[in-house]
Amino acid sequence: MKKGSNRRKFLFSASLGAAMTGCRQGEKPAAEDEGPNRLGKPVSEYGDRSPHEKSKRLKPETKTPEAASTRTPLQDSYGILTPAALHFERHHSGVPAIDPARHQLLLHGLVDRPLVFGMDELKRLPSVSRIHFVECSGNGRSEWSAKGAPDAQRSQGLASCSEWTGVPLSLLLAEAGVQSSAKWLLAEGGDASKMSRSIPLQKANEDILVAYGQNGEALRPEQGYPLRLVVPGWEGNINVKWLRRIKVVDEPVMTKDETSKYTDLMADGKARIFTFVVDAKSLITYPSGGQKLAAKGFHEISGLAWSGRGKIERVEVSTDGGKSWVNARLEEPRHRMAFTRFRLPWTWDGSETVLVSRCTDESGYVQPDRAQLIEARGMNSDYHNNATKPWQVMADGSVKNA
Ligand code: CO
């Protein structure tokens, strides 16, 4: 066993040789690093990241930032969780400033007992914590064009993954007593445009959360503080933020948000509506567009895969533009409707090539490539693009969209 680990060490160091000789030995430390025997900064009440870490959400250039989105830097992420401060945003009318002491959730419509919950009352109820991704159905929109986006953030950054804490919506519905004619819910947000969507009642009884917590603390304002829906595996927009009202109804309400947007126009002129489920997708985050391989030799290919239909069962990676595929290692535990991290050791020989990943979820669904997706859906719709994402590695180590 000792022998094996020595051998592995030897192989890695041989392979990493070029990069390691590049280490800047004897270089003077920066001013702030000087004096290792001096006392450091005192304790603090709320931590900040190191000033050396610069990873940021990507803001669009727009005259209406209140109705815009920011993107998660997936290429910089480790593991499966997105820091709350880097979770992507999509707002239709800005982030409302809500006092939790005054915030209420109204539950009414086809129920025996209409109810109003304050935040304290909600948090007294039995809660659960679950890890789920949220992905905007517009994510990957740029990839419908042959050119695509230059990096993982611009291409796929409207997806993030958090641990969410909240009360199962089914519990609130049971308290209110849902009537037999009920089939759908209307969920309404407390932002200026009262963003609202219709949701089948059946999904509420399966796994929807009324969430107040994210990654161990209260939701961030831009993630719906103090209360949002988390609808596992369904398109981002339906995870209504700043949740203030749920009405139990017998048919979809056809709100402005689900008729003017979030429908998918097909090649024959008909539109798909209520396309809720996020189809399985995977993305190589290293090496990915905009990054540069420092040297030939060992690199660990790494990326994320997720599906609205449950667990990720398999991720295959091709390092030769799709001619051959091998199974990547999937990190455990794998959660349903959550990011799964995959990894594959790779020795780059220094020649130009194309890297691409393809995932399969527990329902057996296999991620399509762009040509298959266009054949099935045409080019009119720009929502729900879950095509495989190739990256081209150039001979100088730079990586670009393929
Ligand atoms: Co949709």
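Of the residues that sit in region 336-352 and are hydrophobic (A, V, I, L, M, F, W, C) and outside any loop (DSSP other than H, G, I, E, B), which one is surrounded by the fewest Cβ atoms within 10 Å (Cβ to Cβ)?
If we take residues in region 336-352 being hydrophobic (A, V, I, L, M, F, W, C) and outside any loop (DSSP other than H, G, I, E, B), then W346 is surrounded by the fewest Cβ atoms within 10 Å (Cβ to Cβ).
So, P333, is that one under 25 Å from A149 (Cβ atoms), without any contact (Cβ under 8 Å) to a residue 40 or more places away in the chain and in a loop (DSSP other than H, G, I, E, B) or not? Step through it out loud before you land on a result.
Details: under 25 Å from A149 (Cβ atoms): no; without any contact (Cβ under 8 Å) to a residue 40 or more places away in the chain: yes; in a loop (DSSP other than H, G, I, E, B): yes.
Answer is no for this residue.
Please find, within region 258-269, the residue that is nearest to the ligand (Cβ to nearest atom) out of those that are out of contact with any strand residue (DSSP E or B) (no Cβ under 6 Å at 6 or more places or on another chain) and farther than 14 Å from G378 by Cα. Working first, answer last.
First, the residues of region 258-269 that are out of contact with any strand residue (DSSP E or B) (no Cβ under 6 Å at 6 or more places or on another chain): 259-262, 266-269.
If we keep only those that are farther than 14 Å from G378 by Cα too, we end up with 259-262.
Values: T259: 12, S260: 13, K261: 9, Y262: 5 Å.
Of everything passing the filter in region 258-269, Y262 is nearest to the ligand (Cβ to nearest atom).
Within region 270-282, can one find any residue that is within 16 Å of the ligand (Cβ to nearest atom), of a type in the set (D, E) and at pLDDT 95 or above?
yes
Mind checking whether some residue in region 212-229 is closer than 29 Å to T360 by Cα, more than 12 Å from the ligand (Cβ to nearest atom) and open to solvent by 40 Å² or more (accessible area, probe 1.4 Å)?
yes
Determine which single condition E300 fails, assuming it passes every other condition in (1) buried (at least 17 other Cβ atoms within 10 Å of the Cβ); (2) under 22 Å from the mean Cα position of the chain (by Cα).
Status for E300: all satisfied but (1).
All but one of (1) modelled with pLDDT of 95 or more; (2) surrounded by 15 or more Cβ atoms within 10 Å (Cβ to Cβ) hold for V326; state the number of the condition that does not hold.
V326 satisfies all of (1) modelled with pLDDT of 95 or more; (2) surrounded by 15 or more Cβ atoms within 10 Å (Cβ to Cβ) except (2).
Can you tell me which residue within region 332-383, out of those that are among the basic types (K, R) and more than 16 Å from the ligand (Cβ to nearest atom), is farthest from G303 (Cα to Cα)?
Here the answer is R370.
Tell me whether region 84-96 contains one or more residues that are among the small types (G, A, S) and modelled with pLDDT under 95. Steps first, answer last, please.
First pass over region 84-96, keeping only residues among the small types (G, A, S): 84-85, 93-94.
Next, from what is left, pick out any that are modelled with pLDDT under 95: none.
Looking through region 84-96, none of the residues is among the small types (G, A, S) and modelled with pLDDT under 95.
Counting just the residues of region 277-292 that are under 14 Å from the mean Cα position of the chain (by Cα) and not hydrophobic (A, V, I, L, M, F, W, C), which one comes out nearest to S318 (Cα to Cα)?
Per the stated criteria, the residue is S282.
Could you tell me which numbered condition A294 fails, if it satisfies all but one of (1) open to solvent by less than 50 Å² (accessible area, probe 1.4 Å); (2) of a type outside the set (D, E); (3) over 23 Å from S193 (Cβ atoms)?
(1)
The values are calculated or read from the model by the stated rules, or taken from the named source; none is laboratory data. Fair warning: this is a prediction, and the values are worked out from it, not measured in the lab. Positions of Cβ are generated from backbone atoms using ideal geometry, with glycine treated the same way; all protein chains shown enter the neighbour counts. With ligands, DNA and RNA removed, areas are computed over all heavy atoms of the protein, side chains included. Shrake-Rupley method; radii C 1.70, N 1.55, O 1.52, S 1.80 Å.
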